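Working notes for the structure below.
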Amino acid sequence: QVQLVESGGGSVQPGGSLRLSCVASGQTFSSYIMAWFRQAPGKEREFVAGISWSGDSTSYVDSVKGRFTMSRDNAEKMVHLQMNTLKLEDTAVYYCGALRVGSWRDPNSYEHWGQGTQVTVSS
C-alpha cells in the first residue's frame, strides 16, 4: 500500500514559479510510475507529467513542456514538479498519482492518489 501526500502549492503571479513535492509511504515506491495530474473547477483531471521507475524517462503534456520539470528521489520516496513561467491557465488542484502498469495519461490507471494541493496563478 502506498500513501501519497502533496505539498508546495500556493498563489503566485503569472510568470512566477512553484515547486510541488509528493512524499510516499510504503516499501515499494521505486516500483511505481509516478505522475502529476491537475483538475480545474468544472474540468476533468488532466495528465501533466509522468516519470518512470528509475527516473530516466519523463513525459509532459504539451502545454507545460519547457516550463515544468518532474523529478524523483527513490531514496527519499519523493517526486517533485518544478513549475516555471506559470500561466493563468495552470490554476488547478494538483494531484500526485502512483501507477504500476497502464497508460501514464489515463487517470483511471492509477492505483493511489494524494489529497491534492492548490495552485493559483493570478495577477
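Points worth noting:
- From the Kirkwood radius over Cα pairs of the range 1-44, Stokes-Einstein at 4 °C and 1.567 mPa s returns a whole-number translational diffusion coefficient of 100 µm²/s.
- Of the residues Lys65, Lys77, Lys43, the one that moves most in a GNM of the chain with alpha-carbon contacts below 10 Å is Lys43.
- Estimated FRET transfer efficiency (Trp53, Gln118; beta-carbon r; R0 35 Å; 0.05): 0.75
- Inter-label distance, nm, simple model (7 Å from Cα along the C-beta direction), Ser63/Gln3: 3.2
- Per residue, the convex hull spanned by the Cα atoms of the chain amounts to 91 cubic angstrom.
- Among Ala40, Ala75, Ala98: highest mean-square fluctuation, GNM of the chain, C-alpha pairs under 10 Å: Ala75
- Fully extended contour minus Cα-Cα distance, from Lys43 to Asp73, at 0.36 nm per residue: 7.7 nm
- Per residue, the chain exposes 50 Å² of solvent-accessible protein surface, assessed with a 1.4 angstrom probe and all protein chains in place.
The values are calculated or read from the model by the stated rules, or taken from the named source; none is laboratory data. If you're wondering where the values come from, they're calculated on a predicted model, not measured in any experiment. Glycine also receives a Cβ, built like all others from the backbone with ideal geometry; neighbour counts cover every protein chain displayed. All accessible areas refer to the heavy atoms of the entire protein, side chains included, with ligands and DNA or RNA removed. Shrake-Rupley method; radii C 1.70, N 1.55, O 1.52, S 1.80 Å.
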